[in-house]
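Accompanying notes for the structure given below.
The values are calculated or read from the model by the stated rules, or taken from the named source; none is laboratory data. Please read these numbers as outputs of a predicted model, since none were measured by experiment. In this analysis, Cβ positions are derived from the backbone assuming ideal geometry, glycine residues included, and neighbour counts consider all displayed protein chains. Heavy atoms of the whole protein, side chains included, go into the accessibility calculation; ligands, DNA and RNA do not. Shrake-Rupley method; radii C 1.70, N 1.55, O 1.52, S 1.80 Å.
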Amino acid sequence: MVAETHAEEDGYFRFQIPFNEPLEGGWHPYEVSVDDQTGKHKYQVTRQEEFFLPYASSYGIISDIDDTFLISHSRRSFKKLFVLLAKNVQARKPFDDVVKHYQLLSLASRTNPVHPANIFFYVSSSEWNLYDMIIRFAELNGLPKAVLKLKKIKSGLDDFLMTGSGSHDHKLRKIQNIVEFYPELQFILLGDDSQKDPEIYEEICGMFAANIRAVYIRQTRTRSKSATTLLLKKIQERGIDTCYFSHSNKAIIHSLETGIVFQQPTENN
């Protein structure tokens, strides 16, 4: 299949191609080739990637990145910048038990406790130049494979210093697009209280209450934030489960108690 498009100002090509062939759920490989023989600088490039087709009883898992599963110190700009510049991907750390929670969520099912992996989306206000680092971090730490939704790459020192901050309309739009693209799924949202996740998720729940199964917010301060507690209460009033936690073990217990995930049987059972 051939599609024609023009590069946007940031140098990226964006296009959608309809696909109507029957496929089983799961990850599927595909190949994309760019062949431009018309411009002044002729070039051709080919790349192999994958796309995910959800199963009928799947959940969609939408997770923030910084200070949700990746320790980033988002509330402290200079420390966050130091970590970003001084620590390579091998030195970056996930929160305790967060990988265990995400692995359990990857097997969650609305109808069957023994089920293939769900689709994950890692949605962040960080930029596309961090794509390779995030992918490598997920691989090194055993986090589920995911579709990444990031912001356009910034240019200039001021933009670099503010990486991951600023307007979060991007994140709201990306999540809205995901839910609208997969109307047959129910979604689990994971974020933290360091920036705007509670406000964004409350707005999403107002738009798509029937599509949201649960909302998890990590507590990044010593004390919980009253504004976050209030927003989660509003979400609960829509019939959506919520969990405000400082340690992922609490989130795991919540997922088990609410039936989102099932206790995996041991060899002795």
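Taking region 165-193 as the range and being open to solvent by 10 Å² or more (accessible area, probe 1.4 Å), under 14 Å from Ser125 (Cβ atoms) and modelled with pLDDT of 90 or more as the test, the residues that pass are Leu172, Arg173, Lys174.
Only residues that are surrounded by fewer than 10 Cβ atoms within 10 Å (Cβ to Cβ) and within 17 Å of Gln48 (Cβ to Cβ): list them for region 5-22, please. Result: Ile17, single match. Among the criteria (1) among the hydrophobic types (A, V, I, L, M, F, W, C); (2) more than 19 Å from Asn118 (Cβ to Cβ); (3) more than 20 Å from the chain's Cα centre (by Cα), the one Phe245 does not fulfil is (3). Scanning region 208-228 for residues that are farther than 18 Å from Ile62 by Cα and either touching a helix residue (DSSP H, G or I) at 6+ places or on another chain (Cβ under 9 Å) or among the aromatic types (Phe, Trp, Tyr) (or both), which turns out surrounded by the fewest Cβ atoms within 10 Å (Cβ to Cβ)? For region 208-228, the residue satisfying everything is Ala227. When restricted to residues that are among the aromatic types (Phe, Trp, Tyr) and part of a strand (DSSP E or B), region 1-46 contains 3.
Against the definition (open to solvent by less than 50 Å² (accessible area, probe 1.4 Å), at pLDDT 95 or above and not in a loop (DSSP other than H, G, I, E, B)), how does Phe137 come out, yes or no?
No; evaluated as a whole, the condition is false for this residue.
Identification of helices (runs of 4 or more DSSP H) wholly contained in region 196-269 with 1 or more residues that are touching a Gly at 6+ places or on another chain (Cβ under 8 Å) yields 197-207. Total residues in region 34-57 satisfying the condition of being farther than 23 Å from Lys145 by Cα and not hydrophobic (A, V, I, L, M, F, W, C): the figure is 10.
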